[in-house]
1. Can you give the relative contact order of the chain as a percent, counting alpha carbon pairs under 8 Å and 6+ residues apart?
2. At q = 0.22 Å⁻¹, work out log10 I(q)/I(0) for segment 65-117 with the Debye formula, treating every Cα as an identical point scatterer and leaving solvent out; two decimals please.
3. Rounding to the nearest 20 debye, state how big the charge dipole of the chain is about its Cα centre with +1 on each Lys and Arg Cβ and -1 on each Asp and Glu Cβ.
4. To make sure I understand, if each residue's beta carbon is the centre and we count other beta carbons within 10 Å, what order do Trp44, Trp104 fall in, fewest to most?
5. Could you put Met74, Met1 in order, starting from the residue whose Cβ has the fewest other Cβ atoms within 10 Å?
6. What distance in nm separates the two pseudo spin-label positions at Asp105 and Arg35, each 7 Å out from Cα along the beta-carbon direction?
7. So which aspartates and glutamates pass the test for Lys67, namely a Cα distance under 16 Å, with those fewer than 8 places away in the same chain ruled out?
8. Where the only charges are on Cβ atoms (+1 Lys, Arg; -1 Asp, Glu), what is the dipole of segment 1-62 about its Cα centre, to the nearest 20 debye?
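What follows draws every value from the coordinates through simple rules; no lab data is involved. Note that this is a predicted model, so its numbers are computed, not measured. Neighbour counts are summed over all protein chains in view; Cβ atoms, including those assigned to glycine, are modelled from backbone coordinates with ideal geometry.
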Amino acid sequence: MRSIVAVTAKRECNGKESEETPYFICSLDAEYPKRLGQIVRSHWEIENKLHWVLDYAFDEDSNRARKENSAANMAEVRHIALNLIKADKSSKIGIKNRRLKAGWDNDYMALLLLDRA
């Protein structure tokens, strides 16, 4: 660890402004703030793409699990399912359609779950 980076993020949603400051541990020197900014943005770009896929393919935003650890548990199940679906190279359809196909076709679901060659 060579630096701790604080990034103040401001956002406006439905007329309400919010501000948060996440902190990042970094192996680069703090003397390169532009490079550190690029790294933080690329991290969030990856995070945003993952959440977009989860919301689009799994309708994650509609999940109403709230009791105890159910929301976190279901998020883990969706991540596992997404990784299994992404690993499948036998199908040329999109992730959302692969998920639906796995729900309709037991042979395809078995392929996703068991074919780890």
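1. Numbers: 83 pairs, mean separation 18.2, N = 117.
Relative contact order for the chain comes out at 16 percent.
2. Result of the Debye calculation: -0.81.
3. Details: 20 positive and 18 negative charges, 57 e Å.
Computed charge dipole of the chain: roughly 280 debye.
4. Numbers: Trp44 12, Trp104 8.
Arranged by neighbour count, lowest to highest, Trp44, Trp104 become Trp104, Trp44.
5. Details: Met74 14, Met1 6.
The order, fewest Cβ neighbours first, is Met1, Met74.
6. Reported label-point gap for Asp105 and Arg35 is 4.8 nm.
7. Glu76
8. On the way: 8 positive and 12 negative charges, 82 e Å.
Dipole size: approximately 400 debye.
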